[in-house]
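Data first, discussion second: the structure below is written as structure tokens.
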Amino acid sequence: MTSSRPAPPAEGDSHPAEGEGLRAALRADARWALEARGRYVALRRDLHAHPELAFEEVRTAGVVARHLRALPVAPGAALEVVEGLARTGVVARLRVGPAGGLGARRVGLRADLDALPMREEGCPAHRSRAEGRMHACGHDGHTAMLLAAAERLCAAPPAGAGEVVFIFQPAEENLAGGRVMVEEGLFERFPVDEVFGLHNLPGLPLGHIAARVGAQMASADFFEATLEGVGGHAAWPHRCVDPVVAAAELTLAWQSVVSRGVDPLAAAVLSVTRLQAGESDNAVPARALLRGTVRALDEEVRAGIEARMRRAAEGVCAAHGLSLSWRYERRYAVTVNAPAPTTRALAAAREAQRALREALAAPPAAPPPLAPDAAGALAPDAALAPDAARALAAAAVDPHPAPLMGAEDFGWMLRARPGCYALLGAGEGPMLHHPRYDFEDALLPAGALYWVSLARGFFVQTFALGEA
Ligand SMILES: [Zn+2]
Ligand SMILES: [Zn+2]
């Protein structure tokens, strides 16, 4: 993934539901988020220490469900918690006001639960206790931020009527748990008008929030071509049908698929990442295997690449007298942000940043004592470090980040419902999927507040703008 340079905060593009009532609520939310930070740092570090892989997030889902069920809920609101969606997913629905009331709106907020199959090389006190598993993408932090938002919204629900659906999704890494949730009927069971995702991103300044209309993340497809020939003695190549030369030719032929077949103003990547053939220095092998991945930001470009790749493979095999077996898997959809939800997300981000800035400028309240279970080895620092507080106070919104060629299974949710996938700057530090990566705990109040701001704004505008 690459990072992008944020634009300065835009003026005159304020919250569509801007109002003193909403801002006052967010100021209280911001003070709460700073006070609650210690508890959620402890929770995040506990998740980090116990990473679980895709569709195996049993402990993590248990922590999430228990936490949600224990939340105090304000009078007039109700929280329903459902486990076991897409095996290890958890969904909680906060109902506010009369069910199905006129103008009631439903918003989905999504976090991901899973870790990666890799060894952690950093040495924080909350280092992974599971050999070969690691929260290297910050999903521990995403889960903690959404749980914090759920706590706040349950205790102080948005004004109005509607539902906030908190979606804790399994298996974001490689196995497309988001797709499984959608196919298992997530949105039929928990209907939402719009759905939102948030991912931390090192390289983007701390607390910055970036989202663009259109493709935010690429599709991710995977291919496998097996070239079948006739093996034999390397000194008698004319008696063989050599798949090695053809595999080399095909690798090069595919390099022109993007350079000659895709509009230079569109973006696409075709990478051959595995090329396997042969076992002996003096034998022509019978087969060669090519595998790799294709990324694109547009469905038409994506389909064109697949067709051209196949044509090139068939042509090269025909020219060499080889047979071809071809597999192309469209695994992750393009993550496409819709215009109106993106406007809402950016406005919510600006309001959240404003409220946090004000709360950080206020004289600090004494932090509440930590619960006994949070006071052990994973206990966090009580307060934000001064440089982190300064960075968060200076955080801005970027409405024009470059799209990223990495992929996200949230794209499947955005195919089912309009919404927006935003990036949350994690500042300097190792990149996602790096063995020394660790989620930046200073982000917990910023991310939680973004979610709360989004939910509040979503509800208020129902009345302010009279949306159906
Ligand atoms: Zn990842
Ligand atoms: Zn991730």
Residue identified as modelled with pLDDT of 95 or more, surrounded by fewer than 24 Cβ atoms within 10 Å (Cβ to Cβ) and within 20 Å of Leu206 (Cα to Cα) among Pro418, Pro445, Pro430: Pro430
Near pairs, Cβ below 7 angstrom, 6+ apart or cross-chain, from region 128-154 (in contact (Cβ under 8 Å) with a residue 24 or more places away in the chain and on the phi > 0 side of the Ramachandran plot) to any residue that is aliphatic (A, V, I, L, M) and within 12 Å of ligand 1 (Cβ to nearest atom): Gly138/Leu432
Residue match in region 287-306 (condition: modelled with pLDDT of 95 or more, closer than 22 Å to Glu228 by Cβ, in a helix (DSSP H, G or I) and not small (Gly, Ala, Ser)): yes
Answer from Glu279, Glu306 - the residue that is over 30 Å from Leu404 (Cβ atoms) and outside the structural domain of Gly411 (by TED's automatic domain parsing): Glu279
Hits in region 425-450 (condition: under 15 Å from the mean Cα position of the chain (by Cα) and within 14 Å of ligand 1 (Cβ to nearest atom)): Ala426, Met431, Leu432, His433, Phe439
Subset of region 72-89 that is within 25 Å of the chain's Cα centre (by Cα), in a loop (DSSP other than H, G, I, E, B) and of a type outside the set (Val, Ile, Thr) - its residue that is surrounded by the most Cβ atoms within 10 Å (Cβ to Cβ): Ala86
Residue, farthest from Ala33 (Cα to Cα), within region 149-164, restricted to residues that are surrounded by fewer than 24 Cβ atoms within 10 Å (Cβ to Cβ) and among the hydrophobic types (A, V, I, L, M, F, W, C): Ala161
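Table: residues versus (1) within 14 Å of ligand 2 (Cβ to nearest atom); (2) over 16 Å from the mean Cα position of the chain (by Cα); (3) modelled with pLDDT of 95 or more; (4) not assigned by TED's automatic domain parsing to the domain that holds Leu449.
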{"site": "Asp112", "(1), (2), (3), (4)": "yes, no, yes, no"}
{"site": "Met118", "(1), (2), (3), (4)": "yes, yes, yes, no"}
{"site": "Arg127", "(1), (2), (3), (4)": "no, yes, yes, no"}
{"site": "Gly132", "(1), (2), (3), (4)": "no, yes, yes, no"}
{"site": "Ala149", "(1), (2), (3), (4)": "no, yes, yes, no"}
{"site": "Val164", "(1), (2), (3), (4)": "no, yes, yes, no"}
{"site": "Gly177", "(1), (2), (3), (4)": "yes, no, no, no"}
Residue within region 200-209 that is in the same structural domain as Phe458 (by TED's automatic domain parsing) and among the small types (Gly, Ala, Ser) present: yes
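Residues are listed down the side, and each one gets a yes or a no for (1) touching a Pro at 6+ places or on another chain (Cβ under 7 Å); (2) surrounded by 16 or more Cβ atoms within 10 Å (Cβ to Cβ); (3) in a strand (DSSP E or B); (4) outside the structural domain of Ser325 (by TED's automatic domain parsing):
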| residue | (1), (2), (3), (4) |
| --- | --- |
| Phe222 | no, yes, yes, no |
| Thr226 | no, yes, yes, no |
| Ala235 | no, no, no, no |
| His238 | no, no, no, no |
| Val244 | yes, yes, no, no |
| Ala247 | no, yes, no, no |
| Leu250 | no, yes, no, no |
| Gln255 | no, no, no, no |
| Arg260 | no, no, no, no |
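The values are calculated or read from the model by the stated rules, or taken from the named source; none is laboratory data. Just so we're clear, the structure is a prediction, and the values are computed from it rather than from any experiment. Methodologically, a virtual Cβ is constructed for each residue, glycine included, from the backbone with ideal geometry; neighbour enumeration extends over all protein chains shown.
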